[in-house]
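Novice: Okay, handing you the structure first.
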Amino acid sequence: MGFQQIQAPTLRELFVDQVIGMIFSGELKVGDRLPSERELSEQMHISRSMVHTGLEDLERMGFVRIVPRHGIYVCDWAEFGNVDTLISVLKYQGGKLDKGTAASLLETRTAIEGLAARLFISRCTNADILALRSIINDFRAEAQVKPRADVDKLAELACSFHRYICVKSGNNVIPLIVNGFHEVNMALWTLWIRQVGPRAAGDL
């Protein structure tokens with residue numbers, strides 16, 4: 001039995017999470033102006049440098065817009081966000097996605113990984129096929145573990161199968177996109193495996 005190190009979130013992460021939570025809950029709305037860095041620092045009892053770097057994180061994720069000498073404003077994250085924003089949405093919702101976002105993700109995966117699969121088929125070697133079979137065998141073996149299979153390990157194996165195809169597609173950009181969506185893909189695979197059950201997933 002292996003115990004893993006417990007890591008507490010930093011004050012910066014807690015600050016970012018609190019602001020994101022206020023945006024998702026509707027307490028902060030698009031266009032709202034946030035207090036200044038000094039005011040946020042005083043209200044939340046953290047250093048201004050922590051607030052500053054936290055706001056930079058929020059701007060990078062598309063949640064706020066920092067206008068020099070004017071203020072900090074809440075953005076429409078769906079319009080200005082990126083993969084990091086999607087990961088934050090996933091984290092806030094406890095790994096669950098609404099139907100619309102889940103459907104959009106699956107459509108995106110189909111487009112990207114579908115292209116990768118077509119390229120892979122035209123370029124793969126016998127060694128590549130054997131490597132994929134090995135991943136499938138590992139997945140099926142883990143799925144049959146009693147009394148309980150490791151769902152996270154199964155999700156990682158599923159991701160590695162698709163990542164291998166993307167890497168071997170010969171397209172240098174596709175793997176970068178897939179790697180950027182790794183946490184999201186892990187969440188999707190974990191959700192699916194839990195829904196159908198590890199053994200049923202291994203039989204497919």
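Novice: Using the Karplus curve 6.51 cos²θ - 1.76 cosθ + 1.60 with θ = phi - 60°, work out ³J(HN,Hα) for each residue of the stretch 180-193 in order, rounded to whole Hz, and write x for Gly and Pro.
Specialist: Computed from phi, the couplings for the stretch 180-193 are x, 9, 4, 4, 5, 4, 4, 5, 5, 5, 4, 4, 5, 5 Hz.
Novice: Rounding to the nearest 10 and keeping the result within 0 to 90°, find how far the Cα-based axis of helix 99-123 lies from the longest principal axis of the chain.
Specialist: 50
Novice: How many Å² of accessible area per residue for the chain, probe 1.4 Å?
Specialist: That works out to 63 Å² for each residue.
Novice: Right, here's the next one. Angle check, please: helix 11-25 long axis (alpha carbons) against the longest principal axis of the chain (alpha carbons), in degrees 0 to 90, nearest 10.
Specialist: Tilt of helix 11-25: around 90 degrees.
Novice: While we're here: Go ahead and run the numbers for FRET between Ala102 and Phe24, Cβ-Cβ distance against an R0 of 22 Å, rounding to 0.05.
Specialist: 0.85
Novice: Give me the accessible area of Lys91, 1.4 Å probe, in Å² rounded to the nearest 10.
Specialist: Estimated to the nearest 10 Å², Lys91 gives 130 Å².
Novice: Using 0.36 nm times the number of residues separating Val83 and Leu191, minus their current alpha carbon distance, what extension gain do you get?
Specialist: So the chain would gain 37.0 nm between Val83 and Leu191.
Novice: Now a separate question. Using a probe of 1.4 angstrom, how much of the accessible area of the chain is carbon and sulfur, in percent?
Specialist: Using a 1.4 Å probe with all protein chains present, the chain comes out at 56 percent carbon and sulfur.
Novice: Amide H to amide H under 5 Å from Leu34: which residues, 5+ apart in sequence or cross-chain, H placed 1.01 Å off N in plane?
Specialist: Amide H to amide H, under 5 Å and 5 or more residues apart or across chains, Leu34 pairs with Ile72, Tyr73, Val74.
The values are calculated or read from the model by the stated rules, or taken from the named source; none is laboratory data. Because the structure is a prediction, the values reported are computed rather than measured. Heads up, the Cβs are rebuilt from the backbone with ideal geometry, glycines too, and the neighbour counts pull from every protein chain shown. Accessible surface areas use protein heavy atoms only, side chains included; no ligands, DNA or RNA. Shrake-Rupley method; radii C 1.70, N 1.55, O 1.52, S 1.80 Å.
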